[in-house]
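Encoded as structure tokens, the structure appears first; notes follow it.
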Amino acid sequence: MKQDRAIRTAKDLVAAGLLDAARRDEAEAVAKQYAIAITPTVAGLIERDDPNDPIARQFVPDIAELSVTPEERADPIGDLAHSPVEGIVHRYPDRVLLKAVHVCPVYCRFCFRREMVGPEGLGTLAPEAMDAAISYIAAHPEIWEVILTGGDPLVLSARRLAEMMVRLKDIAHVKIVRFHSRVPVVEPERVDDKLVAALKASGKTTYVALHANHPRELTPAARAAAGRLVDAGVVMLSQSVLLRGINDDPAVLAELMRGFVEMRVKPYYLHHPDLAPGTAHFRLSIAEGQALVKSLRGRVSGLCQPTYVLDIPGGYGKAPIAASNVEATGDDSYAVSDWQGGVHQYPPAGSY
Ligand SMILES: *Cc1c(COP(=O)(O)O)cnc(C)c1O
Ligand code: SF4
């Protein structure tokens, strides 16, 4: 069934055949805490007969979301600890997050900012707050890159995006503007000529980091939307979250990364899931993540290798956490493992 409007309530989920009527109360209880939204495109991707459908699991609420474990926290990556003015997160010297909007076209059940996004979340930056955020960027010459995230910045109209780009264009020290978005996948028709044009500004390089977690999200329409961005000169990167039951499988990850590369989206980050409240059912251990990432190396093109990262809880930033292939074994001597598990001494023995 093709929906024509986004699904936003438990009732809508039942009507769309995405939720058993017997589970409606549970979904309603979850919805009181965390917003629901599923675009028609995403609803159309869900296999109704598969109780473990990897698309459904990302977007259809589950009662497990109400079980909060002791290590989980409302601000898992410590955004608030590094926010000098509303809407700005300045954790690293040369780049800031600009969170213009806290709305998304879909709400991911594992969202790391789930306490901030949604219709009841932090909303859209008020004009005065946006002025203050832009002034902060203008006043800090070390800011080389502005990363628009949220929420999903591409829910803003082309007119609003163009206005923002014009304001950034006037700040000479900002060279790179990066958008993090799910829109090309979940609402590809939004990426029209006007929106694409709005993301470009003379003198700035625009990057779009596309969030997708399963190869089935990379539909022909999504590929065409990314194609319109890349054809216009936008550089595209991927970001995915490693999720139990969704992409914790070497073949699925390989197909996802190959899909990105095919659509001219360079794999960038594979995130270890954050400690967001009620997301324990999605998490795997770092050891499991390392084994999955290792399975890609060598077996799949180097173009398809993302960097496996953890956002260290508390606001300490991201750290690459893939297992190392090199171990120091003495003075300037190392054991280096190859992709098939063979271990080699470096420099090779007897090479003096
Ligand atoms: C993730 C993040 C960035 C971007 O990090 P990159 O490694 O450059 O992709 C910047 N600022 C904050 C606060 C972040 O959380
Ligand atoms: S699109 Fe990003 S910010 Fe929005 S719900 Fe999903 S993970 Fe959270």
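Since every read-out is calculated from the coordinates, none of them should be taken as a lab result. Bear in mind the structure is a predicted one, so any value in this text is a computation, not a measurement. Because the Cβ atoms are built from the backbone with ideal geometry, glycine has one as well, and the counts that use them run over all protein chains shown.
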Expressed as a whole number of Å, what is the distance separating the alpha-carbon centroids of segment 18-57 and segment 204-224? 22 Å
Please report the relative contact order for segment 32-144, taking Cα pairs under 8 Å with a sequence separation of at least 6, and give it as a percent rounded to a whole number. 29 percent
Counting other beta carbons within 10 Å of each residue's own, what order do F112, F59 fall into, fewest first? F112, F59
Cα-based Rg and Dmax for segment 63-186, where Dmax is the largest Cα-Cα distance (Å): 15.0, 49
Let me know the Rg and Dmax you get for segment 10-62 when you use only its Cα atoms, in Å. 10.2, 27
Proxy exposure order for S157, S285 (fewest C-beta within 10 Å first) is S285, S157
Using θ = phi - 60° and the Karplus curve 6.51 cos²θ - 1.76 cosθ + 1.60, what whole-Hz ³J(HN,Hα) does each residue of segment 125-131 get, with Gly and Pro shown as x? 4, 5, x, 5, 5, 5, 4
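Figure the gain on full extension for S337 and A22 (residue separation times 0.36 nm, minus the Cα-Cα span) and round it to one decimal in nm.
Length difference between fully extended and current span is 108.2 nm.
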In Å, what Kirkwood hydrodynamic radius results for the chain from the alpha-carbon pair distances? 21.5 Å
The chain, helix-only ellipticity at 222 nm - DSSP H runs n ≥ 4, -39,500 (n - 2.57), divided by all residues, nearest 500: -8000 deg cm²/dmol
Can you give the FRET efficiency for T219 and A328, using 1/(1 + (r/R0)^6), R0 = 51 Å, r = Cβ-Cβ distance, to the nearest 0.05? 0.65
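Would you mind telling me the antiparallel percentage of the DSSP bridges in the chain, rounded to 5? Each step should come with its number before you reach the end.
Details: 17 of 47 bridges.
Approximately 35 percent, going by the DSSP bridge assignments.
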Would you give the gap between the C-alpha center of segment 281-322 and the C-alpha center of segment 105-143, rounded to a whole Å? 27 Å
